[in-house]
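Written below as structure tokens is the structure these notes are about.
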């Protein structure tokens, strides 16, 4: 796995996301890494992420899939371009999540994602969420490239 999290390579203005921003002290602080041809993130749920006793909230699951998916798209765009000086920024244009079974709150969650399709300024990412070896949710994140300078000025 790569040593530096994908999210830590973004411009400083883009690091406040509630799901993956390193500068959001109240956020989930998801960190994704390259592992061969996919990206992997391991995240530890806490009691306040609960939906029902012992079960992770579905909105948190969707956020993890969303942030891991866009992180994967951004990293893939950079890798495909072979450029390190240009910063590409992909944001979610559509997301779908299918919950396969309840996700336990008492163990780490692992996300694994890979690019399913790339067309011009759009990337589709498939993402699986596991608790241990059990697949609990699957997601598909459609992203679109935005102008980083304009997008981060809001």
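Computed quantities for the displayed model
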read-out	value
Some residue of region 17-28 being in contact with a strand residue (DSSP E or B) (Cβ under 8 Å, 6 or more places away or on another chain) and at pLDDT 95 or above	yes
Failed condition for residue 40, given (1) under 21 Å from residue 132 (Cα atoms); (2) touching a helix residue (DSSP H, G or I) at 6+ places or on another chain (Cβ under 8 Å); (3) touching a residue at least 60 places away in the same chain (Cβ under 8 Å)	(2)
Residues satisfying the stated conditions in region 85-126, i.e. over 25 Å from residue 147 (Cα atoms) and assigned to a strand (DSSP E or B)	97, 98, 99, 104, 109, 110, 111, 112
Options 125, 141, 146: the member that is crowded, with 18+ Cβ neighbours inside 10 Å, within 16 Å of residue 78 (Cα to Cα) and touching a strand residue (DSSP E or B) at 6+ places or on another chain (Cβ under 8 Å)	125
Test: residue 152 is in contact (Cβ under 8 Å) with a residue 60 or more places away in the chain, under 15 Å from residue 42 (Cβ atoms) and touching a helix residue (DSSP H, G or I) at 6+ places or on another chain (Cβ under 6 Å)	no
In region 98-121, the residues that are exposed (fewer than 15 other Cβ atoms within 10 Å of the Cβ) and more than 15 Å from the chain's Cα centre (by Cα)	98, 99, 100, 101, 106, 107, 108, 117, 119, 120, 121
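The values are calculated or read from the model by the stated rules, or taken from the named source; none is laboratory data. These figures come from a predicted structure and were not determined experimentally. Here the Cβ is made from the backbone with ideal geometry for all residues, glycine too, and neighbour counts use every protein chain on show.
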